[in-house]
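The values are calculated or read from the model by the stated rules, or taken from the named source; none is laboratory data. Keep in mind that this is a model prediction, so the values were computed, not measured. Ideal geometry is used to build each Cβ from the backbone, glycine not excepted, and the neighbour counts take in all protein chains shown.
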Amino acid sequence: MPKKVILSVAAHGDDAEFMAGGTLAKMVDDGYALYLLIATDNDRGSYRLSAQELHNVARPEAEASAQALGAKGVFMLGYRDGDLCAVPRQVLRGQIMRLIRQLKVDIIFCWDPFAPFENHPDHRALAWATSDASSFSALPLFHSEHLAEGLQPQRVSEWYWYSKSHWETNKLVDTTPTIARKLQALYAYDCQMVLTIDDLLGEARAMGVAEDRLAWIDPTQYRPLIDLGLRANDAKLGAQLGTEYAEAFRYQTIELPEIFQVPQEQP
Ligand SMILES: [Zn+2]
């Protein structure tokens, strides 16, 4: 049986890499075909660059990151960072569903629409649109304009939902073999890595950490700090699995009646 097709749907370049980069790289190694969909251009994600400068680097950074993961392609919807909640859900749903049908997607990776404590409006909006799109892409009367374009209905069979709160996670994936590639995929998002450290410094200052304790941190030299933070985070998940590193998901699949059950392939 040919390996399945994965579509990772992210609001921003670096979302999927932070939350699931090790698992995606591992599944590519196992022969799965990976495609990335990024809904915005990250064009409000900086304290240093203009929206235009961020827009200009969005695609080259995404393509470099996709290459590190071994993805077959990157699709970008080009929305403004922070404005996904203003896009009608039907429109976003239609765009995601078109890609599911075009690529014949079997497996979705995305923010979990049901997870609590998600403060980013883009993550919430995209999660719901992705859930709607992937739940109904097999029904021909949903967005029937796609069929008029020659596409066929497509049934998604697996979902890897991720959340900052690791809400209701039921699947841990050992990412020890691929954590280096996860870091490479993240480093490709140079602007977002600088932002991550700038944000960390801002938060430390807001919490009253003294300047002399922060003076050694240079956000443009982010690699050692991202490496440290990410490995610490993924090691906590790894400890639950008994591996060095892991990533956590609320995994969902089609539950067949017993008479139809077939052995499942696990990454
Ligand atoms: Zn994001």
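Quick check on my filter: what residues within the range 72-98 are in contact with a helix residue (DSSP H, G or I) (Cβ under 7 Å, 6 or more places away or on another chain) and among the small types (Gly, Ala, Ser)? Scanning the range 72-98 gives a single hit, Gly82. Against the condition within 14 Å of the ligand (Cβ to nearest atom) and part of a strand (DSSP E or B), how does Ala39 come out, does it pass? So Ala39 passes the test. In the range 95-120, the residues that are on the phi < 0 side of the Ramachandran plot reach residues that are within 16 Å of the ligand (Cβ to nearest atom) and in a loop (DSSP other than H, G, I, E, B) with C-beta atoms within less than 6 angstrom, at least six apart or across chains, in these pairs: Asp112/Ser163; Ala115/Ser163; Ala115/Ser165.
The criterion of at least 2 residues that are of a type in the set (Val, Ile, Thr), crowded, with 18+ Cβ neighbours inside 10 Å and modelled with pLDDT of 95 or more is met by the following helices (runs of 4 or more DSSP H) wholly inside the range 68-177: 89-103. Remark: pairs (first residue in the range 82-93, touching a residue at least 60 places away in the same chain (Cβ under 8 Å); second residue part of a loop (DSSP other than H, G, I, E, B); Cβ separation under 8 Å; 6+ apart in sequence or on different chains) = Leu84/Ala11. Scanning the range 6-24 for residues that are surrounded by fewer than 24 Cβ atoms within 10 Å (Cβ to Cβ) and more than 9 Å from the ligand (Cβ to nearest atom) yields nothing. Of the candidates Asp234, Asp218, the single residue that is of a type in the set (Asp, Glu) and either within 24 Å of Phe109 (Cβ to Cβ) or buried (at least 17 other Cβ atoms within 10 Å of the Cβ) (or both) is Asp234.
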